Amino acid sequence: MINNDITAELEAPDRLFQITHVSRTHTQVWLQADANSTHEHRLEVLFQDVKYLCTPFVLRGLWLRRADPEQTRRLTELHGLVLEPGWDIYLLSRSHDWFVVSSHPLWAEAKLSYSDEPVFWSHTGKEDVVVAMGTVK
């Protein structure tokens with residue numbers, strides 16, 4: 001059985017992430033870092049119920065965590081945002097103000113190639129494919 005770990009953050013400082021999928025309604029966004037010479041598996045992050053996105057399409061390194069109250073206040077004022085219950089600001093970087101306003105993001109590490117469908121479309125629960133899964137809360 002694949003555990004769904006609850007984590008406060010997800011850090012992958014040496015990986016290259018890109019936005020690989022966006023739902024037609026723009027409420028779901030996938031970030032993906034592919035396997036390479038130093039990482040055996042693909043790492044994927046799914047943001048659901050996306051309300052606002054402030055990030056480039058490609059980013060080097062990821063430090064995903066929920067914004068603290070001061071960061072939330074500063075970013076909501078700067079961007080004119082109003083957070084509704086159930087949505088939080090999730091920061092993506094140590095050195096930039098890149099963020100997503102969404103419900104809790106999901107992440108998965110899997111034995112998949114660049115062109116395979118996202119974990120959360122076709123591979124959830126497949127222990128031969130999915131190495132680890134979690135939620136950032």
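Please treat every number below as a calculation from the coordinates, not as lab data. Small disclaimer: the values here were computed from a predicted structure and weren't measured. Here the Cβ is made from the backbone with ideal geometry for all residues, glycine too, and neighbour counts use every protein chain on show.
Remarks
- Counting only residues at least eight positions apart within a chain, or on another chain, the lysines with an alpha carbon under 19 Å from that of K111 are K126.
- Karplus 3J(HN,Hα) series, Hz, for region 16-26 with 6.51 cos²θ - 1.76 cosθ + 1.60 (x for Gly, Pro): 9, 9, 9, 6, 10, 8, 9, 5, 4, 8, 6
- Neighbour-limited loop hits for trypsin sites (Lys or Arg not before Pro), region 61-108 (at most 14 other Cβ within 10 Å; DSSP other than H, G, I, E, B): R94
- For W87, the shell of other residues with beta-carbons less than 12 Å away shows a net charge of -1, using +1 for Lys and Arg and -1 for Asp and Glu.
- Estimated FRET transfer efficiency (D116, S37; beta-carbon r; R0 22 Å; 0.05): 0.70
- The base-10 log of I(q)/I(0) for the chain, evaluated at q = 0.09, 0.17, 0.18 Å⁻¹, reads -0.25, -0.90, -1.00 [Debye formula, identical scatterers on Cα atoms, solvent excluded].
- Degrees separating the helix 69-79 axis from the principal Cα axis of the chain, which is the longest one: 80 degrees
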